[in-house]
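Take a look at the structure set out below.
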Amino acid sequence: MEGTLYSVGSKVVHPCHGAGTVVRIQQKSLGEVTHTYYVIDTLPGSMRVMVPVDQADEVGLRRVGRADELRTILQTCREAPSEEEIDTNFRTRSAQMSEQLKSGSFEEVVEVVRMLYFMNLQRTLGMTDRRYFEQGKEILAGELALATGQDMDAAKQEVESYLNAMLGAERG
């Protein structure tokens, strides 16, 4: 179809719903107006998302990153964040993390997960922080799984291994 950036089989990242694969490009009519949509199955297969083709850029839809680039970004998880990186005001920190998780940026999500992992080493995370932590790990694992061809469990374990390296650095 003319004007489409992605084709069936394209691996993409939706900023709010994570990584997935374009499974269909379909047209839907509402009255006399017809729109073309990307139909995306997200990992771990829990959701189907429809994105209007002509709004894909505005929505923030992008291709899955290359495996080597994603792993390079994940290397930052090995280092504990500095005291200055962690906002002590819960509301401010929570709002910032929410924006970072919705950004669609692998790097931004890594920063949230890295910070929350470190905070969890210091004390048990509260409900909101725990939810952001789990959501962030899911987003990272989804994109990593599509980039590397791994299943979600293997990708989650890989993300965890980068985080656990911070624990080793903290003790050392």
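Only the coordinates and a few stated rules stand behind these numbers; no lab work does. Bear in mind that the values here come from a model prediction, so they are computed numbers and not experimental data. Backbone-built Cβ (ideal geometry, glycine too); neighbour counts: all protein chains shown.
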| request: Select from Met166, Tyr6, Tyr132 the residue farthest towards the positive end of the dipole of the chain; place +1 on Cβ of Lys and Arg, -1 on Cβ of Asp and Glu, and compute about the Cα centre. | output: Tyr132
| query | Taking R0 as 30 Å, what's the FRET efficiency between Glu32 and Arg63 from their Cβ-Cβ distance, rounded to 0.05? | reply | 0.35
| task | Could you give the size of the charge dipole of segment 24-69 about its Cα centre, using +1 on the Cβ of each K and R and -1 on the Cβ of each D and E, expressed in debye and rounded to the nearest 20? | result | 200 debye
| For segment 25-82, what class follows from the C-alpha gyration tensor (a ≥ b ≥ c being the square roots of its eigenvalues): rounded when a/c is under 1.5, otherwise prolate if a/b is larger than b/c, else oblate? | prolate
| Note, ³J(HN,Hα) from phi for segment 154-159, Karplus 6.51, -1.76, 1.60, rounded to Hz, x at Gly and Pro | 5, 5, 4, 5, 5, 4
| Got a sec? Which residues in segment 48-70 would a label at Glu107 touch, if it sits 7 Å along Cα→Cβ and we count backbone N under 12 Å? | 70
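Show me 138-149, 16-27 ranked by packing, highest mean number of other Cβ atoms within 10 Å first. Show your work: numbers first, answer last.
Working: 138-149: 22.4, 16-27: 18.0.
Sorting 138-149, 16-27 by mean packing, highest first, produces 138-149, 16-27.
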| said: Just to check I understand the Karplus step: with θ = phi - 60° and J = 6.51 cos²θ - 1.76 cosθ + 1.60, what whole-Hz values come out for segment 27-33, glycine and proline as x? | reply: 9, 10, 10, 10, x, 9, 9
| task | Determine ³J(HN,Hα), in whole Hz, for all residues of segment 94-107 in sequence, where each value follows from phi through the Karplus function 6.51 cos²θ - 1.76 cosθ + 1.60 and θ = phi - 60°; x replaces Gly and Pro. | result | 4, 4, 5, 5, 4, 4, 5, 5, 8, 5, x, 8, 4, 4
| task | Under 22 Å Cα to Cα from Lys102, which lysines show up? Leave out anything in the same chain fewer than 8 places away. | result | Lys11, Lys137, Lys156
| Distance between segment 5-63 and segment 96-125 - C-alpha centres, whole angstrom | 26 Å
| Global geometry of segment 85-172, whether rounded, prolate or oblate, following the gyration tensor of its Cα atoms and the 1.5 cut on a/c | oblate
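Mind putting a number on the dipole of segment 67-171 about its Cα centre? Charges go on the C-beta only, +1 for Lys and Arg and -1 for Asp and Glu, and I need it in Debye to the nearest 20.
Its charge dipole is roughly 400 debye.
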